[in-house]
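The values are calculated or read from the model by the stated rules, or taken from the named source; none is laboratory data. Note that the structure is a prediction, hence the values are computed from the model and not measured. Cβ placement follows ideal geometry from the backbone for every residue including glycine, while neighbour counts extend to all protein chains displayed. Ligands, DNA and RNA are stripped out before the accessible areas are found, and what is left, the full protein with its side chains, is counted by its heavy atoms. Shrake-Rupley method; radii C 1.70, N 1.55, O 1.52, S 1.80 Å.
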Amino acid sequence: MIAPIVRSLSALREMSEPWVRAGTSIGVVPTMGALHDGHLSLVAAAKERCERVIVTIFVNPKQFNNPEDLANYPRTETEDARKLKRFGVDAVYVPDGDVMYPDGFSTTVSVAGLTDVMDGIHRPGHFDGVATVVSKLFIQSRATDAFFGEKDFQQLQVVRRVARDLDIPITVHGCPTIREIDGLAMSSRNLLLSDRARVRAPILFEEMEKIAEGVAAGKDFAPLRAAALRRLASSDFTSVEYLEMRANDDLSLQDDPVRPSRLFASAWLAGVRLIDNVAIGRD
Ligand code: PAF
């Protein structure tokens with residue numbers, strides 16, 4: 001069954017009103033489209049937990065700090081609807097820009113602390129855009145549960161904080177990163193990789209795994225990191241924005257992780273920015 005595509009907020013409200021009145025669990029899966037198996041795993045998790053499921057597709061201009069990046073972002077709505085067919089979701093919410101940001105829109109949701117590191121530095125304004133749109137999607141959908149991938153782990157922690165700080169009655173679920181057979185984390189941006197770059201892209205994850213395994217085995221982080229940076233530079237990665245170990249909960253920098261931690265990386269390959277993260281030891 002093809003899920004109804006809903007483009008207006010009034011239509012979304014009309015649809016969800018009886019669900020809310022009946023106390024039905026509603027799962028929301030926020031996406032920017034160009035759906036891949038990573039997104040579909042979130043939809044599957046939502047279907048398993050919730051009686052009703054809404055998938056949202058909105059390429060949010062407020063979270064792009066680079067206009068070219070926004071223009072190049074893949075848009076594949078018809079194909080997305082086809083991929084969602086087998087899940088039997090209740091609605092695909094595809095709001096227009098002016099539904100999300102009507103004339104005069106002037107509110108920004110901003111999370112301090114968690115956004116002062118990593119993508120918060122390298123993509124100025126990005127997390128304000130994410131926090132603002134996600135707050136709106138939570139409120140508009142009236143969902144009881146939301147599903148996000150651990151691939152964007154910093155985003156997941158930011159979104160959890162938004163829900164907690166603003167008392168939005170929703171449970172945020174983090175779902176494992178889904179990888180291609182060669183280890184590359186699934187991402188809509190992978191569509192932008194040239195054939196040559198696509199072959200090189202999994203090297204980022206391979207290097208991260210080596211560091212994570214080394215640290216878990218008691219080796220020092222700094223030399224492992226230096227060796228990985230050398231290998232990435234000789235494999236066409238033009239710049240590594242960060243390659244660091246941070247605590248899962250507050251994303252504080254760790255040298256020798258005694259707290260549950262992850263290794264986070266962002267690197268450029270042939271004009272495409274890749275991000276990934278892996279757990280150190282047990283999560
Ligand atoms: O992860 C994404 O695709 C986006 O950042 C999100 C959560 C849908 C908000 O626009």
query: For helix 126-141, what angle does its Cα long axis make with the longest principal axis of the chain, in degrees from 0 to 90 and rounded to 10?
result: 30
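Report the extension gain between Ala233 and Asp96 in nm, rounded to one decimal, defined as 0.36 nm multiplied by the number of residues separating them, less their alpha carbon distance.
Values: separation 137, 0.36 × 137 = 49.32 nm, distance 4.11 nm.
Fully extending the segment from Ala233 to Asp96 adds 45.2 nm.
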Ala226 paired with Glu77, simple spin-label distance in nm, labels 7 Å along Cα-to-beta-carbon: 5.3
Heavy atoms of Thr132 accessible to a 1.4 Å probe, total area in Å² rounded to 10: 10
- prompt: Ignoring ligands and nucleic acids, what accessible area does Ile280 show with a 1.4 Å probe (Å², nearest 10)?
  reply: 20
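Evaluate the Kirkwood expression for the hydrodynamic radius of the stretch 111-157, namely the inverse of the mean inverse distance over all pairs of different C-alpha atoms, and round to one decimal in Å. Could you put the intermediate results ahead of the total?
Details: mean 1/r = 0.0869 Å⁻¹.
That comes to 11.5 Å for the stretch 111-157.
How long are the three semi-axes of the equivalent ellipsoid for the stretch 2-154, computed from the Cα gyration tensor as the root of 5 times each eigenvalue, in whole Å, largest first?
On the way: eigenvalues 124, 61, 52 Å².
So the equivalent ellipsoid measures 25, 17, 16 Å along its semi-axes.
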field: Radius of gyration, Dmax [the chain; alpha carbons; angstrom]
entry: 19.2, 59
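Accessible area of the stretch 50-124 with a 1.4 Å probe: how many percent of it is carbon plus sulfur?
On the way: 1800 of 3840 Å².
Reported share for carbon and sulfur atoms: 47 percent.
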Label-zone membership for the stretch 1-42, site Phe105, 7 angstrom Cα→C-beta point, backbone N under 12 Å: 9
message: Leaving out ligands, DNA and RNA, and with a 1.4 Å probe, what % of the accessible surface on the stretch 142-283 is carbon or sulfur?
response: 51
message: Working only with C-alpha atoms, what are the Rg and Dmax values of the stretch 71-215, expressed in angstrom?
response: 17.5, 53
statement: For the stretch 1-44, dividing by residue count, accessible area per residue (probe 1.4 Å) in Å² works out to 45
task: Using a cut-off of under 17 Å, list every residue of the stretch 74-105 whose amide N is near the label point 7 Å from the Cα of Ser25 along the Cα-to-beta-carbon line.
output: 89-90
message: Starting from the Kirkwood Rh over alpha-carbon pairs, what translational D in µm² s⁻¹ does the stretch 133-232 have by Stokes-Einstein at 10 °C and 1.306 mPa s?
response: 98
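Solvent-accessible area per residue for the stretch 139-283 at a 1.4 Å probe radius, Å²? Don't jump to the answer; show the numbers that get you there.
Working: 6880 Å² over 145 residues.
So the stretch 139-283 comes to 47 Å² accessible per residue, rounded to a whole number.
Of the cross-linked pairs Lys85/Lys136; Lys85/Lys210; Lys62/Lys210, which ones have a Cα-Cα span greater than 27 Å in the structure shown?
On the way: Lys85/Lys136 25 Å; Lys85/Lys210 39 Å; Lys62/Lys210 36 Å.
Exceeds cut-off: Lys85/Lys210; Lys62/Lys210.
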statement: Whole-Å distance linking the alpha carbon centroid of the stretch 50-114 with that of the stretch 151-219 is 19
- prompt: Over the alpha carbons of the stretch 161-283, what is the largest minus smallest coordinate on each principal axis, giving the biggest first in Å?
  reply: 46, 36, 24
- request: For Asp256 and Ser194, calculate 0.36 nm times their separation in residues minus their Cα-Cα distance, and state this gained length in nm to one decimal.
  value: 18.6 nm
